[in-house]
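Chemist: Just dropping this structure here.
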Amino acid sequence: MEVPNWTKDELIAYTLLYAAHSDFKEDNHERNVIISKVDMQTFQKVHEEFSDDNDYQSIQKILASVKHHNYSIQNFNQLLADIKALFFADGDFDIREHSMLLFLKRILK
């Protein structure tokens, strides 16, 4: 798979979208959190791409882009903090979201 030619903002938006779909829905609270991290144009572009990808493609793209951007520990910690904020946005941090957080923590570091 070719490494996506994403900016860091596009990587953040895509990763947050992936995380938002851990409970198989994307609500307005979660969308608002993502848009607070990136601009609307970036969100829309990435959302369109995300909609066309399956789970395997999404993970491969995230991992390749993280490697391409040479993420530091601080970058990882900020991304994980953003994911946690996303999960708490709707006031319900369920077991699927908790599992997704642990999964992303494990594969991203």
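Chemist: Within the range 79-109, can you find the residues that are surrounded by 14 or more Cβ atoms within 10 Å (Cβ to Cβ) and closer than 29 Å to GLU2 by Cβ?
Modeler: LEU79, LEU80, ASP82, ILE83, LEU86, MET100, LEU101, LEU104, LEU108, listed by residue number.
Chemist: Something else: Got a sec? Which of GLU48, GLU97 is among the acidic types (Asp, Glu) and modelled with pLDDT of 95 or more? Full working, then the answer.
Modeler: Details: GLU97 fails: modelled with pLDDT of 95 or more.
The conditions single out GLU48.
Chemist: If you scan the range 1-41, which residues turn out to be part of a loop (DSSP other than H, G, I, E, B) and touching a Lys or Arg at 6+ places or on another chain (Cβ under 6 Å)?
Modeler: Here is the first cut: in the range 1-41, the residues part of a loop (DSSP other than H, G, I, E, B) are 1-7, 24-27, 38-39.
If the condition is that a residue be part of a loop (DSSP other than H, G, I, E, B) and touching a Lys or Arg at 6+ places or on another chain (Cβ under 6 Å), then PRO4 is the only one that fits.
Chemist: Next question. Among the numbered criteria (1) under 18 Å from PHE103 (Cα atoms); (2) among the acidic types (Asp, Glu); (3) in contact (Cβ under 8 Å) with a residue 40 or more places away in the chain, which single criterion is violated by ASP55?
Modeler: ASP55 satisfies every listed condition except (3).
Chemist: Find the residue count for the range 74-109, including only residues that are assigned to a helix (DSSP H, G or I), among the hydrophobic types (A, V, I, L, M, F, W, C) and free of Cβ contacts under 8 Å to residues at least 12 places away in the same chain. Steps first, please.
Modeler: Within the range 74-109, the first condition is being assigned to a helix (DSSP H, G or I), and the residues that meet it are 74-88, 95-108.
Now drop any that are not among the hydrophobic types (A, V, I, L, M, F, W, C), which leaves 76, 79-81, 83, 85-88, 95, 100-104, 107-108.
Checking the rest, the ones that are also free of Cβ contacts under 8 Å to residues at least 12 places away in the same chain come to 81, 88, 95, 102-103.
Residues flagged as assigned to a helix (DSSP H, G or I), among the hydrophobic types (A, V, I, L, M, F, W, C) and free of Cβ contacts under 8 Å to residues at least 12 places away in the same chain within the range 74-109 amount to 5.
Chemist: Name the residues in the range 54-65 that are under 10 Å from TYR18 (Cβ atoms) and surrounded by 15 or more Cβ atoms within 10 Å (Cβ to Cβ), would you? Before you say what the answer is, go through the steps one by one.
Modeler: Step one: list which residues in the range 54-65 are under 10 Å from TYR18 (Cβ atoms), which gives 55, 58-59, 61-62.
Those that are under 10 Å from TYR18 (Cβ atoms) and surrounded by 15 or more Cβ atoms within 10 Å (Cβ to Cβ): SER58, ILE59, LYS61, ILE62.
Chemist: I've got another one for you. Taking the stated definitions as given, is LYS8 surrounded by fewer than 16 Cβ atoms within 10 Å (Cβ to Cβ) and within 13 Å of the chain's Cα centre (by Cα)? Give the steps one after another, and end with the answer.
Modeler: Numbers: surrounded by fewer than 16 Cβ atoms within 10 Å (Cβ to Cβ): yes; within 13 Å of the chain's Cα centre (by Cα): yes.
It is true that LYS8 is surrounded by fewer than 16 Cβ atoms within 10 Å (Cβ to Cβ) and within 13 Å of the chain's Cα centre (by Cα).
The values are calculated or read from the model by the stated rules, or taken from the named source; none is laboratory data. Remember, predicted model here, so these are calculated numbers, not experimental data. FYI the Cβ positions are ideal-geometry reconstructions off the backbone, even for glycines, and counts take in every protein chain you see.
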